[in-house]
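The values are calculated or read from the model by the stated rules, or taken from the named source; none is laboratory data. Because the structure is predicted, anything quoted here is derived from the model rather than measured. Virtual Cβ from ideal backbone geometry, glycine too; neighbours counted across all protein chains shown.
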């Protein structure tokens, strides 16, 4: 049964290529007008799932509904979707106007209507006056916009995007992320976006499905995935994370405690720890959740250590602090030099203090 709010509903979908299972019992809903991303490493199944939405691959089991209609027997050219590929597939023998209008060739529109639609798309992608340019005269970012316009001119209900920014350099890619998000908000249609880049997914998406091994590990908002990951796999894939082995200690009161390697005993509201006394868990803390100082801070929770490495990254610096009881250094991220006392604190082996708030920790299964 599909959710009443779902525009795309994926129900218990599996996909096999011979004996290899590429998609493993995936179920999720995507709302109308949502920018939804499928995020994961290469081979996780995200592109296969996108191709099933497009109709280029069939499901081995399960159902996909688009706008309330089952899609199993609907061929790609009859589905209310269009797709943008990483390669853009711009036709080199056609100019910009003819590339954008390529999908209209079977609609037999009046010339004036045809031209007006193309001009509308050129304005939408901020390339007015480019219609007569040759495809070979376009930059990478311009080609990407043309590919988007060619897909959008057909007014699909869903736009599928398979790593469309992957071929761009870092600076242009970041610029196009902002333009793509603004474009999606303007046209208001559902975007389903595939990427392996976590920062890209966090920047663009209303919600994200993190995938691994053909399974969906967690579907959540960008802030939900970052602040409240449900598994170590999600926590380590979205941003950087420090992990500490721990053991739950309950005393029957409103508070519990977790005895951790390196950080000592951390109090936690009992309602936030769904584990029995003595359970082995993992405590996770983001690098920016630690405060760093060269002298002991006035904080309820702190631990002494030594600086093992530091990296200057312009607006921020990354520090690695060795503490007793933990084999690998603790990663700390902070505004450059904002939380250390003097230049000598940057030297390897310098004493350091880490402090943190118990509210910043995430408790996960031991795995």
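General remarks:
- A count restricted to the range 27-37 and to residues that are touching a helix residue (DSSP H, G or I) at 6+ places or on another chain (Cβ under 7 Å) and farther than 20 Å from residue 187 by Cβ stands at 0.
- Residues in the range 82-96 that are over 25 Å from the mean Cα position of the chain (by Cα) and assigned to a strand (DSSP E or B): 95 alone.
- For the range 166-195, residues that are crowded, with 18+ Cβ neighbours inside 10 Å, touching a residue at least 60 places away in the same chain (Cβ under 8 Å) and either outside the structural domain of residue 67 (by TED's automatic domain parsing) or not in a strand (DSSP E or B) (or both) total 2.
- Checked against (1) more than 16 Å from residue 356 (Cβ to Cβ); (2) surrounded by fewer than 15 Cβ atoms within 10 Å (Cβ to Cβ); (3) in contact (Cβ under 8 Å) with a residue 40 or more places away in the chain, residue 294 passes all but a single condition, namely (2).
- Verdict on residue 63 being farther than 24 Å from residue 151 by Cβ and over 20 Å from the mean Cα position of the chain (by Cα): yes
- Among the conditions (1) surrounded by fewer than 18 Cβ atoms within 10 Å (Cβ to Cβ); (2) touching a residue at least 12 places away in the same chain (Cβ under 8 Å), the only one that residue 305 does not satisfy is (1).
- Number of the condition not met by residue 276 [criteria: (1) farther than 30 Å from residue 208 by Cα; (2) surrounded by fewer than 17 Cβ atoms within 10 Å (Cβ to Cβ); (3) touching a strand residue (DSSP E or B) at 6+ places or on another chain (Cβ under 6 Å)]: (3)
- Yes/no for residue 152 being farther than 28 Å from residue 38 by Cβ, in contact (Cβ under 8 Å) with a residue 12 or more places away in the chain and in contact with a helix residue (DSSP H, G or I) (Cβ under 8 Å, 6 or more places away or on another chain): no
- Selection within the range 99-114 - assigned to a helix (DSSP H, G or I) and without any contact (Cβ under 8 Å) to a residue 24 or more places away in the chain: 111, 112, 113, 114
- Yes/no for residue 160 being modelled with pLDDT of 90 or more, within 30 Å of residue 31 (Cβ to Cβ) and crowded, with 18+ Cβ neighbours inside 10 Å: yes
- Filter result (in contact with a helix residue (DSSP H, G or I) (Cβ under 8 Å, 6 or more places away or on another chain), part of a helix (DSSP H, G or I) and surrounded by fewer than 22 Cβ atoms within 10 Å (Cβ to Cβ)) within the range 205-247: 222, 226, 234
- Restricting attention to the range 47-81, the residues that are in a loop (DSSP other than H, G, I, E, B) and without any contact (Cβ under 8 Å) to a residue 12 or more places away in the chain total 1.
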